[in-house]
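S.K.: Structure in structure tokens, see below.
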Amino acid sequence: MDVGFSDRAVQNWAQHLRRYFWTLRDRFPSEVQHDALPQEIFAAMGDDGELDPAKIDCGARVLGIAHHFMQLALGQPSPAVAFPGPSCSSAKTEPDHGQQLSGDTGHPIYSSLPFGDPSSQLRLVELQPGSPDDPITVQLFVADRGCSQYEALSYVWGSREADVCITAGGEPFNVSANLAEALRCLRREQVPRVLWVDATCINQSDDAEKSAQVAMMGDIYRNAADVVIFLGREEDDSDLVMQYLERDVVSTSALAVDSDDDDDGADSAYRDELRRHILGRMQLYGVEPARFLGAVDAFFRRPWWTRVWTVQEFALAPREHLWCCGRRSVSSPQIRREFMHLMRCLADEALPASAPRSAKLVEVPLFRADGQFATLSRIRFRIELMVELRTEEWQRMSLSSALCKFHYRESTDPRDYIYALQEMLGPVAKHLLAPDYSVTADELFVKASSHLLLFDTKGKHMYSMYELLRSPGTPSWALDVTKHLLHAAQECHGVFRDKPRIGHAYGRPAILGRTLRISGIILDSLDAVMSLESAGCDVEKAGLVWRAQALLRHGQPREALSEAAKTCIPETCLLPLKLTASGRRISIPLTCPITPVVSGFSSFFLGGVRAISSALLIPRHQPWNFTCDNWKDAPRRVASETELFRRVNQLLVHPVTDDTETFYGGACFDLDNLRAKILGVKYRRDANEDETAFEEPVTVENKTPPIQEGYVPQYAQITSTLHEAASEAELASLQAYIINMAGLCREYIKGTAEPQSLRDAIPGIWNQQHREDMVSAYREIAESCSCAAEDREKHQRIMKMLIDNTQVDADRLWSRLDQASATYATRLPADNVAAASKLFHEWNRGLSSLFTTRLGFAGFTFQTQAGLGTGNVLALLDGMPGPVVLEEVKVAHETRYRLKALVCVHGIEDVDIDKLVESGICAWRQLDIV
């Protein structure tokens, strides 16, 4: 049997296996003994004790040795299997599923139609003719593997909640509603149609049969006379799209402008020409542009474009496909010709409102929301991979390449994330990962991860694309290929990956008995950890992020760098984080936009504060050019207090740029500590006294979990301003105002405040007695003014105006407070806070944990259930696309590690690793990861 190797490929793999065998013995010198090696490996060794490439002279030998290396890696027994003779191309390299099936026979149609050999035969379906409304009837028969007189169906199973009963071999047989619709649409009226359909031709209840049949699906689709793609029933105006694709009246060859040209003028010309082209096509059958583009969007969002199995079914077809949607059909050339034009229009319509764009083809409400563009970009990416590339480009892919290209695909069975791509892989990956449904998904992912680390040159890059497997009993280094990281995570890891790979001169990793032994550097240990996954709601998560921001801006390392280390680690990499010399901002994607997170918070908070300030801080209360001798302490104190109140109010509404310890952040997420800091400010009786002498330490229990022991936000802007109060009464008034407003903010985000709360809180913010004192002072000046007659009359007019305005201002205050309360009354209910926080999730999407280290590094991870803890170590591993966090474990008095997460660390790409090693600060060593 041909195992798919060229002579050159055999030579390359022989050298690769030789190098790996050397690495395995070097990494595990005491464990790997010649007399314990499988016979196949021992027989391929030369006199020097190494593998002899000359003895690995055919594809079957390559597969045999690679298989045994995999068995050693997984700690599984390797039974001796004799090497085939010189004609090794005839050796059987696929798993022997046996002649008899021991699994569940399932439905009677399978027990009455058994396979003689499931690895060399297949069942076919003969779809009986009928009119559209007739019941669906099929007959099954067995054919040899080389048969080509059939059409292979590519479709999506869909939900099984509404199964349809058809007749198969005279027996009732349930199929999914989508398959029933496909059979109904593909059925001919006069003659039968022979199809291969996985749901009926494979006994899904028999794992042994399923494994054997899935292993030969490549041949099933390659040998088929045609591959029919069924996209689903006719709905969502799909007939408009199919009609558009069917017609070939307006030639697309006229679109000569290069759409990828960087020149803005050329791009604009291309879009104008594209617009004319699409409008011309739509004019042929009189369709509104908005309706048509909505239909195109729905067409390319159909499940067929997202499923992982459809990739292989499309790629392996030797001829052009027939694409069916309902009862309409088009060919692949028609799809290829129009796809990019339609997706370009859709993407242009979906651009965020802030993005530059050419004139829109038509205003389509469906695409008005920001965020659509990213979704459409992903759809375009995964579809153009299939539609634009030719079949031969999909052959002999590496596992890492396949996972990279199709990581947005979906599957019901997690094992199919590997098995569905198996036929497109190179021969070694195809052999080692042959379908076997008796193997659990976890065991398969461990094997796939072993292959990536041992036999795939870019396999380690997958650690920046997929999460780690978090199942009990599995190695910590195994990947879960069902959980791909977001594009933002891949970009963060890419910063480090794009640098020259560290440690490449120190040898390759090796795996023995599920223990990964790899070179690495222990860089630092974690000092504080915050898990965003522990947040019970969106607001609590926002609070954790806000506290983390404060730490990054104001926190200090627990340990100082040595003088030697300072030459290797730039100061800008460590806490407190600032802009770097080049102007690059903090590379940790932390944002805490409270106003988008909490629905209506902006209107409520700013409306209330501004209502108070506009009513109380009118310039008429501050007649600085007033010259009357009776303008004594009381009125001047009123003006002075008003100015200080204005400054405090300014800090509440508009804090200093880049200061994360904001009032509204503390009010929403750190209320106890904020209250303690405000009340801890004491009036300064003597300006010469030390500032700290009037502050009393206050111990509070923060409800928001701290990110670092001993770190508490200080709110220095607000407290330093309060120290300027001219009297205890003024200080008490300002403290009451700040604490009342903070309490209102907290009640608001918790959903416990009442619409009247803002107005009810005013007596504690600015009491009526204060206003009456001010009016009395104005009257005293007017009545006892002893200035010249002309000046006295002027001063009395000013005082009367101020007195009259106090009531006007009071009325204005209550009116604006009522408006703010009304705004609060129309806020979204508390249970809709999550819906209002989409922007917050978009900015912090996927972020699961943050941490700081003892030396002051700060980082984060997208790995779910990372379980990072204080004392874990920050390390760099040979060839990995980014730093990692390891947990030290003791196994039989030996130190080993568990891989907790691949992490992103601010500024790590600026650290001179080689210089750290040369200076003796760090050292490469072998690390055992279990």
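The values are calculated or read from the model by the stated rules, or taken from the named source; none is laboratory data. On a predicted model such as this, the values are computed, not experimentally measured, just so you know. Using ideal geometry, Cβ is built from the backbone for each residue, glycine included, and neighbour counts are taken over all protein chains shown. Accessible surface areas use protein heavy atoms only, side chains included; no ligands, DNA or RNA. Shrake-Rupley method; radii C 1.70, N 1.55, O 1.52, S 1.80 Å.
S.K.: Sort out which residues of the range 285-336 are of a type in the set (D, E) and crowded, with 18+ Cβ neighbours inside 10 Å, and write them in order of number.
M.R.: D297, E313
S.K.: Can you name the residue in the range 779-802 that is surrounded by fewer than 17 Cβ atoms within 10 Å (Cβ to Cβ) and part of a loop (DSSP other than H, G, I, E, B) and is also modelled with the lowest pLDDT among such residues?
M.R.: S786
S.K.: Moving to a separate point now. Filtering the range 165-204 down to residues that are open to solvent by 40 Å² or more (accessible area, probe 1.4 Å) and under 35 Å from the mean Cα position of the chain (by Cα), which residue is modelled with the lowest pLDDT?
M.R.: For the range 165-204, the residue satisfying everything is Q204.
S.K.: Check off (1) outside any loop (DSSP other than H, G, I, E, B); (2) surrounded by fewer than 21 Cβ atoms within 10 Å (Cβ to Cβ) for P472 and give me the number that stays unchecked.
M.R.: (1)
S.K.: Related question: So which residues in the range 207-237 are touching a Cys at 6+ places or on another chain (Cβ under 7 Å) and assigned to a loop (DSSP other than H, G, I, E, B)?
M.R.: Those that are touching a Cys at 6+ places or on another chain (Cβ under 7 Å) and assigned to a loop (DSSP other than H, G, I, E, B): L231, G232, E234.
S.K.: Inside the range 698-734, can you point out the residues that are assigned to a helix (DSSP H, G or I), buried (at least 19 other Cβ atoms within 10 Å of the Cβ) and at pLDDT 85 or above?
M.R.: Across the range 698-734, the qualifying residues are I718, L722, L731.
S.K.: I'd like to verify a number: residues in the range 864-877 that are assigned to a loop (DSSP other than H, G, I, E, B) and open to solvent by 10 Å² or more (accessible area, probe 1.4 Å), how many?
M.R.: 8
S.K.: Mind checking which residues of the range 878-930 are in a loop (DSSP other than H, G, I, E, B) and open to solvent by less than 20 Å² (accessible area, probe 1.4 Å)?
M.R.: D878, G879, M880, P881, G882, P883, V903, H906, G907, V911, C922
S.K.: Restricting to the range 21-53, name every residue that is under 17 Å from L516 (Cα atoms) and in contact with a helix residue (DSSP H, G or I) (Cβ under 6 Å, 6 or more places away or on another chain).
M.R.: V32
S.K.: Could I ask something else about it? If you go through the range 20-36, how many residues are in a loop (DSSP other than H, G, I, E, B) and either touching a strand residue (DSSP E or B) at 6+ places or on another chain (Cβ under 8 Å) or under 21 Å from V10 (Cβ atoms) (or both)?
M.R.: Matching residues across the range 20-36 total 3.
S.K.: Of all the residues that make up the range 138-163, how many are over 18 Å from N203 (Cα atoms) and either open to solvent by 50 Å² or more (accessible area, probe 1.4 Å) or free of Cβ contacts under 8 Å to residues at least 40 places away in the same chain (or both)?
M.R.: Matching residues across the range 138-163 total 5.
S.K.: Kindly establish whether R276 is outside any loop (DSSP other than H, G, I, E, B), modelled with pLDDT of 80 or more and among the charged types (D, E, K, R).
M.R.: no
S.K.: Taking the range 843-862 only, how many residues are farther than 15 Å from R553 by Cα and modelled with pLDDT under 90?
M.R.: So the count comes out to 10.
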